[in-house]
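Student: This is the structure, below, for whatever I ask next.
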Amino acid sequence: MKFSEEEIQNWKCETCGEGLVMRKVEFSYMKGSFHAELPACPKCGLVLITEELAMGKMAEAEKALEDK
Amino acid sequence: MEKEQRIAWEAQCIQEEPPACSTTCPLHVDVRQFMKEMAEGDVNEAYKVLRKNLPFVGILGRICTHPCETKCRRGEVGGALAIGSLERFCVEHYGSPDRVKLLPRKSKTVAVVGGDVAGLVAAHDLRKKGYGVTLLEPGNHLGQSFRKFSEDLLPDSVIEEELGALKDMKVDVRFGATLDAAAFEALCTEFDAVFVDRTSSECASLPLEKDNDGLIGVDPITGGTSCPGVFAGGKEGEVPIMLAADGRKGALSIERFLQQAHMTIGRENDGPYETRLYTNLEGIAPLDRVRCADPDVGYTLGEAVQEATRCIQCECMECVKVCQYLAHYKKYPKKYIRQFFNNEKVLLGAAHSSNQTINSCTNCGLCAEVCPNDLHMGEVCLEGRHAMLQGNYMPPSAHEFALQDMEFSTSDEFVTCRHQPGTQQSAYLYFPSCQLSATAPAEVLESYRLLCENLSGGVGILLGCCGAPAYWSGREALFRETLKTLRQQWQAMGKPEVITACCTCQSVFSEHLPDIPIKPLWQVLENNALIDNACREKDAGKTIAVVDPCSSRYDPEIQNGVRRILGNLGFTLEELPLSGELAECCGYGGLVFNANPKLDNAIVTRRAGENERDYLAYCAMCRDKFVNVGKRTAHLIELLFPSVAGNDPWARGWISWSERRKNRRRVKDELLVNLGETVEHTVESYEKIVLHIDSELLRTLDSRRILESDLRQVVFHAEQTCKRLRHNQSGMFRANHKMGNTTFWVDYAPEDEGYRIHNAYCHRMNVTGVK
Ligand code: SF4
Ligand code: SF4
Ligand code: SF4
Ligand SMILES: [Zn+2]
């Protein structure tokens, strides 16, 4: 999952006032879990999930896990 | 799916039964495949097909009397395929036979007595299976019956060449054999089994019991004689292909005998038999048999190919032809059933594709209608869904949205049960349905008003859902619960006659609540002269296509009634390719719209293109789904109540899931107001949020099944907690909030009194940690 620098730099966590940095984010769904490098607030850990990611890779992974 | 059930279902699908040509052929040549190869001009492959079933193929291919042609289905549309001539062409064209491949040698040995066709075939078949075979011929020629044909038809050289195969196969051929009782006795001791070819007159003297005709008596199924281990077949005067079948039968029996297998089980189809295959010849243009330019020469390659092309390639596939779902996964029911069974019992649900497949049937029942054996794949798939739920591998997202929608319709937000204003009892109970209330609330209210004004004895109203989504999704307990509630409500109202405006409700009631009398609204309106036939004056003469909902399939009365009403209103009607008892589903059925949106869309898009006229539906979901793909479609109720404000049946556009809920609430609220009850809603704070969404985005979000209330909750949550991202340049916010199993993301910015929504999306995966 690639993120353009621009995409990351465009966003700020409102509560913490921090710019986003790449972090290792853990996901789980049904009986599966995995992780990915995603932009997140370095302070509170608020993760940025884009439309592309949610409707693309994540949706695919959900389908795969649902049918396991 | 239990094994017995699987077997019973599988037996209903006869797609794998061989075509009539093959079952009429005494040796069951795969004529259909042969024709396919020939049509492709592949004579070599065609020859291989023949060789598989025909021993001495160069001989039988030339002289077979082709009984198969009498049953060829092409005969009903043109003329039977020239199967005999094509086989001749094929073997002549191919030339010398190939070596016969033998199975590894077995220790058991068989004696074949008499070397006419039956004996030759028995010897050939048994040797091919690996048994040692000794062929004893009293005369000094093999294949007497083959030698009666003219040199033109069957050259001697071909006979020699083809029978030469026996030598290659190492069949021990002994000419001039003595066949007396003593010799026979010796054979029976020396060999493990014996086959007697009754065509040869010398065999008559063998010490075996005779039948009325003086022939060695045989069991009709096995060819077994009075002596165990001795089998016989063949009969003077029979055509070679029947003699060959006798030899084959004897060889099969001997194999079973030597393997100590059951002698008679599964032998119904040994010789010619009636096939169970169904082939619909409708729409097949008649084609006459291709004549050979020179009858003395026979077919040329070109002519042979052309003739073979006439083969219909008989098969059933009736259901697959009409069901887009069955066609989509490229199988036919027998295969699906096997696949589902394996998925459930062997793979325990791990086969992704099966789960999807089972959830993609609309349960419409069209397959059962066209199937010669009434196989209903909807029932198979429903059973599959039950198993998935029981085994805990039902994909949770498959039906979630639809069930949430049903939950709304069975909640206080919609459910209402009241007598007619000012009365204390109900002779009738109007059940307009949750979906019609969702799409045509004003017409529902107006129709109720009309019923109240005109029917005597009181017309109560019941708002709710019949539970179809629970049924389709396999949630049996929920379905039963819903039915129970309906029954209680009906009882509390004094068991009135129910009037419904939805075919699905009608069929659910008829099937699952059979003691509740129910009638379609349209019938009640018509019977009580409550339809103003002039109300559509300005549309008079308009030609429309009627869309029968799949749930009306078994209700010709509704279907005809609707057509009559439309005719009286002045419309000219056109029929879709499939209607009436062959009505198709719009994709809502079986909740396919939820479980497989892509297929659902493909189905409704195809159906929208089937007639260029505006459509007229009398199912709320049909109306909404056709409109959703851009097809101008009106609902019958809209035609009947033109006085309703904003009523413009064909111009009304698509409707969002949020709006559908709003409309249901509206029906309830207005009813209660009419009853003089105070309407109270507890309004959550988030519900007060004003949203601005442009219409295109609204459609996108609707297709993502994101409701306006979801958007409000995310915005509300973000505004409360300030947990959100802020875009540096635009100042737009991006926030998420998890509700139920879904995390919603919303891009928004304050605007006027409320918020402008820029985008929204969702996922079901959970973030469990950030490192
Ligand atoms: S209609 Fe379908 S299910 Fe029925 S026999 Fe034919 S292929 Fe099988
Ligand atoms: S049309 Fe073809 S498949 Fe059908 S019966 Fe005739 S030869 Fe066989
Ligand atoms: S019930 Fe309908 S959708 Fe399902 S297999 Fe039969 S025809 Fe196709
Ligand atoms: Zn933060």
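The values are calculated or read from the model by the stated rules, or taken from the named source; none is laboratory data. The shown structure was predicted, so the numbers you read here are calculated from the model rather than taken from an experiment. Glycine gets a Cβ as well: all are built from the backbone with ideal geometry, and neighbour counts include every protein chain shown. Just so you know, the surface numbers come from the protein's heavy atoms only, side chains and all, with ligands and any DNA or RNA stripped out. Shrake-Rupley method; radii C 1.70, N 1.55, O 1.52, S 1.80 Å.
Student: Considering only the range B:487-504, state which residues are open to solvent by less than 10 Å² (accessible area, probe 1.4 Å) and in contact with a Leu (Cβ under 9 Å, 6 or more places away or on another chain). Give the steps one after another, and end with the answer.
Tutor: To start, the set of residues in the range B:487-504 that are open to solvent by less than 10 Å² (accessible area, probe 1.4 Å) comprises B:496, B:498-501, B:503.
Across the range B:487-504, the qualifying residues are B:PRO496, B:VAL498, B:ILE499, B:THR500, B:ALA501.
Student: Let me confirm something: among B:LEU599, B:LEU578, B:LEU521, which residue is over 28 Å from B:VAL370 (Cβ atoms), touching a helix residue (DSSP H, G or I) at 6+ places or on another chain (Cβ under 7 Å) and in contact (Cβ under 8 Å) with a residue 12 or more places away in the chain?
Tutor: Values: B:LEU599 fails: over 28 Å from B:VAL370 (Cβ atoms); B:LEU578 fails: over 28 Å from B:VAL370 (Cβ atoms).
B:LEU521 is the lone residue from the list that is over 28 Å from B:VAL370 (Cβ atoms), touching a helix residue (DSSP H, G or I) at 6+ places or on another chain (Cβ under 7 Å) and in contact (Cβ under 8 Å) with a residue 12 or more places away in the chain.
Student: Do you know which of the residues in the range B:595-626 that are open to solvent by 20 Å² or more (accessible area, probe 1.4 Å) and within 14 Å of chain A (Cβ to nearest Cβ) is nearest to ligand 1 (Cβ to nearest atom)?
Tutor: Top of the filtered list is B:LYS598.
Student: Restricting the range B:682-730 to residues that are charged (D, E, K, R) and within 12 Å of another protein chain (Cβ to nearest Cβ), which is least open to solvent (accessible area, probe 1.4 Å)? Walk me through how you get there before you give the answer.
Tutor: So the first thing to find is which residues in the range B:682-730 are charged (D, E, K, R), and the list is B:684, B:687-688, B:694, B:696, B:699, B:702, B:704-705, B:708, B:710, B:712, B:719, B:723-724, B:726.
With the extra rule that they be within 12 Å of another protein chain (Cβ to nearest Cβ), the set shrinks to B:704, B:719, B:723-724, B:726.
Values: B:ARG704: 48, B:GLU719: 62, B:LYS723: 109, B:ARG724: 18, B:ARG726: 96 Å².
So, considering only residues that are charged (D, E, K, R) and within 12 Å of another protein chain (Cβ to nearest Cβ), the one least open to solvent (accessible area, probe 1.4 Å) is B:ARG724.
Student: Let me ask another. State all residues of the range B:745-756 that are more than 10 Å from chain A (Cβ to nearest Cβ) and assigned to a strand (DSSP E or B); if no residue qualifies, say none. Outline the logic, then answer.
Tutor: Taking the range B:745-756 first, the residues more than 10 Å from chain A (Cβ to nearest Cβ) are B:746, B:748-756.
B:VAL746, B:TYR748, B:ALA749, B:PRO750, B:GLU751, B:GLY754, B:TYR755, B:ARG756 - these are the residues of the range B:745-756 that are more than 10 Å from chain A (Cβ to nearest Cβ) and assigned to a strand (DSSP E or B).
Student: Of everything in the range B:115-164, what is of a type in the set (Lys, Arg), within 49 Å of the chain's Cα centre (by Cα) and either closer than 21 Å to B:GLY176 by Cα or surrounded by 22 or more Cβ atoms within 10 Å (Cβ to Cβ) (or both)? Give them in sequence order.
Tutor: Residues of the range B:115-164 that are of a type in the set (Lys, Arg), as a first pass: B:127-129, B:147-148.
Now narrow it down to the ones that are within 49 Å of the chain's Cα centre (by Cα): B:127-129.
Selection gives B:ARG127 alone.
Student: Continuing with the same structure: Can you tell me how many residues within the range B:757-771 are more than 7 Å from chain A (Cβ to nearest Cβ) and either within 12 Å of B:GLN713 (Cβ to Cβ) or in a loop (DSSP other than H, G, I, E, B) (or both)?
Tutor: Restricting attention to the range B:757-771, the residues satisfying the condition of being more than 7 Å from chain A (Cβ to nearest Cβ) are B:757-758, B:760.
From what is left, the residues that are either within 12 Å of B:GLN713 (Cβ to Cβ) or in a loop (DSSP other than H, G, I, E, B) (or both) are B:760.
Total meeting the criteria: 1.
Conditions (1) open to solvent by 50 Å² or more (accessible area, probe 1.4 Å); (2) over 21 Å from B:ALA718 (Cα atoms); (3) more than 7 Å from chain B (Cβ to nearest Cβ); (4) at pLDDT 95 or above, marked per residue:
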site: A:MET22; (1), (2), (3), (4): yes, yes, yes, no
site: A:GLU26; (1), (2), (3), (4): yes, yes, no, no
site: A:MET30; (1), (2), (3), (4): yes, yes, yes, no
site: A:ALA36; (1), (2), (3), (4): no, yes, yes, no
site: A:ALA54; (1), (2), (3), (4): no, no, no, no
site: A:MET58; (1), (2), (3), (4): no, yes, no, no
site: A:LYS63; (1), (2), (3), (4): yes, yes, yes, no
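Student: Next question, about the same structure. In the range B:479-503, what residues are touching a residue at least 60 places away in the same chain (Cβ under 8 Å) and in a helix (DSSP H, G or I)? Step through it out loud before you land on a result.
Tutor: To start, the set of residues in the range B:479-503 that are touching a residue at least 60 places away in the same chain (Cβ under 8 Å) comprises B:482, B:485, B:489-490, B:492-494, B:496-503.
If the condition is that a residue be touching a residue at least 60 places away in the same chain (Cβ under 8 Å) and in a helix (DSSP H, G or I), then B:THR482, B:THR485, B:GLN489, B:TRP490, B:ALA492, B:CYS503 are the ones that fit.
Student: Identify the single condition in (1) exposed (fewer than 15 other Cβ atoms within 10 Å of the Cβ); (2) not assigned by TED's automatic domain parsing to the domain that holds B:ARG563 that B:ALA645 does not satisfy, given that it satisfies every other one.
Tutor: (2)
Student: Kindly provide the set of residues from the range B:351-395 that are part of a loop (DSSP other than H, G, I, E, B) and within 17 Å of B:VAL592 (Cβ to Cβ), ordered by number.
Tutor: From the range B:351-395, those part of a loop (DSSP other than H, G, I, E, B) are B:351, B:359-365, B:371-376, B:391-395; that's our starting set.
Of everything in the range B:351-395, those that are part of a loop (DSSP other than H, G, I, E, B) and within 17 Å of B:VAL592 (Cβ to Cβ) turn out to be B:ASN359, B:SER360, B:CYS361, B:THR362, B:ASN363, B:CYS364, B:GLY365, B:HIS376, B:MET394, B:PRO395.
Student: Return only the number of the condition from (1) in contact with a strand residue (DSSP E or B) (Cβ under 6 Å, 6 or more places away or on another chain); (2) within 16 Å of ligand 1 (Cβ to nearest atom) that B:MET377 does not satisfy.
Tutor: (1) is the only condition that B:MET377 fails.
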